[in-house]
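The values are calculated or read from the model by the stated rules, or taken from the named source; none is laboratory data. Owing to the predicted nature of the structure, the values given are computational and were not obtained by experimental measurement. Glycine also receives a Cβ, built like all others from the backbone with ideal geometry; neighbour counts cover every protein chain displayed. Surface areas here come from the heavy atoms of the whole protein model, side chains and all, with no ligands, DNA or RNA. Shrake-Rupley method; radii C 1.70, N 1.55, O 1.52, S 1.80 Å.
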Amino acid sequence: MTSGFERGRIYNRKKDIHGEFGGQPQGGIITPADAAVVIAITGEKGIGHGYDDRELPDKTFEYFGAGRFGPMKLSDRNKGLLEHSQKGKSLLLFRDEKRKRLRFLGEYVCDGFEWRDAPDENKEMRPAIVFKLIPLDKINDTIDEDPEAGDTTKRPLSELTLEELRKLAEAASKPSVPGKPQVGTVYERSRIVRAYVLARAKGLCEYERKPAPFLREDGEPYLEPHHIERLSDGGPDDPKSVIALCPNCHRRAHSGVNKSAFKAELVEMMKTINRG
């Protein structure tokens, strides 16, 4: 179960997507104004409109941006998808099974895009935006397997000062734009944000202000980063909206009976944490 949707299950676009979140009733990218989600829809019928989406062997997804005719533009829905993580929104991918039936493929994180020459709906070549989508589970598993793997900094993250980590985390939270420098891959950026948030906590749950319940195998206090504005955790995000919680508070944030009120408390606490 992810973000209220079960992977592999069929949903009705009108009832389960627009009825729940609102958003544009037409098109493959849905960016509801008042919901913490961006929804991307793929499917065979998109090929006729110039969208040649494909899942790669490593389970990442090449997803074409919106724009049926002429050059695609990095604005509106395309910009919303690119910046979903920075806006605190979860990216949910569905496959169109015809007749408005959508199969949930899972939650993904956008790891930038590239420009590619591709035909539009009129079969005329044009610059197209192709997003790289990475499964959220793949990111989390990679980080948990080796906290330092693939680190692009000159020194291991564990050797950096809190201020150095903060600057890296802020740079890592910015969206990827071709031609402009960015910190590493989505895995590395997620690792940096996580390292900064845990270092900032200094071994204390940032909600209860109590020591972590136990130590990791490497001797570090066990705390879990929680993305306050997201439906779930994982992927690079603005460190100003990620808080370090003990496992009990983390589960309360996601599954507690008064999780909306708890979220409001965390939002207020982050204002003080960020001033510090």
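Details
- Every pair of residues 6+ apart whose Cβ atoms lie under 8 Å, when the first sits in the range 189-206 and is of a type in the set (A, V, I, L, M, F, W, C) while the second is assigned to a helix (DSSP H, G or I) and surrounded by fewer than 20 Cβ atoms within 10 Å (Cβ to Cβ): ALA195/SER158; ALA199/LEU162
- PHE104 vs. criteria open to solvent by less than 60 Å² (accessible area, probe 1.4 Å), in contact (Cβ under 8 Å) with a residue 60 or more places away in the chain and over 26 Å from LYS174 (Cβ atoms): yes
- Going through (1) touching a strand residue (DSSP E or B) at 6+ places or on another chain (Cβ under 8 Å); (2) at pLDDT 95 or above; (3) assigned to a loop (DSSP other than H, G, I, E, B) one by one, SER232 falls short only on (2).
- Test: residue in the range 4-12 that is of a type in the set (Val, Ile, Thr), surrounded by 14 or more Cβ atoms within 10 Å (Cβ to Cβ) and in contact with a strand residue (DSSP E or B) (Cβ under 8 Å, 6 or more places away or on another chain): no
- Taking the range 88-101 as the range and being within 21 Å of ILE47 (Cα to Cα) and either under 16 Å from the mean Cα position of the chain (by Cα) or open to solvent by less than 60 Å² (accessible area, probe 1.4 Å) (or both) as the test, the residues that pass are LEU92, LEU93, PHE94, ASP96.
- Within the range 67-111, no residue satisfies the criterion of being among the hydrophobic types (A, V, I, L, M, F, W, C), assigned to a loop (DSSP other than H, G, I, E, B) and under 13 Å from VAL38 (Cα atoms).
- Residue pairs whose Cβ atoms lie under 6 Å apart, separated by 6 or more positions or on different chains, with the first residue in the range 166-185 and at pLDDT below 85 and the second open to solvent by 70 Å² or more (accessible area, probe 1.4 Å) and in a loop (DSSP other than H, G, I, E, B), are GLY184/THR152.
- Residue within the range 32-52 that is aromatic (Phe, Trp, Tyr), open to solvent by 30 Å² or more (accessible area, probe 1.4 Å) and farther than 30 Å from SER260 by Cβ present: yes
- Between GLU265, GLU224, the distinction of being closer than 25 Å to VAL37 by Cβ, touching a residue at least 24 places away in the same chain (Cβ under 8 Å) and open to solvent by 40 Å² or more (accessible area, probe 1.4 Å) belongs to GLU265 only.
- If you filter the range 114-164 down to residues that are small (Gly, Ala, Ser) and at pLDDT 90 or above, you find that the one that is surrounded by the fewest Cβ atoms within 10 Å (Cβ to Cβ) is ALA118.
- Test: residue in the range 240-254 that is in contact (Cβ under 8 Å) with a residue 24 or more places away in the chain, open to solvent by 50 Å² or more (accessible area, probe 1.4 Å) and closer than 25 Å to PRO135 by Cα: yes
- Of residues in the range 55-87 being under 18 Å from VAL109 (Cβ atoms) and of a type in the set (Lys, Arg), the one least open to solvent (accessible area, probe 1.4 Å): ARG77
- Some residue of the range 71-91 being more than 27 Å from PRO236 (Cβ to Cβ) and not aromatic (Phe, Trp, Tyr): yes
- A residue that is more than 18 Å from the chain's Cα centre (by Cα) and on the phi > 0 side of the Ramachandran plot occurs somewhere in the range 178-193.
- Meets criteria (closer than 24 Å to LYS14 by Cβ, touching a Phe, Trp or Tyr at 6+ places or on another chain (Cβ under 9 Å), part of a loop (DSSP other than H, G, I, E, B) and among the acidic types (Asp, Glu)) for ASP34: yes
- Subset of the range 200-221 [open to solvent by 40 Å² or more (accessible area, probe 1.4 Å) and not in a loop (DSSP other than H, G, I, E, B)]: LEU204, PRO211, LEU215, PRO221
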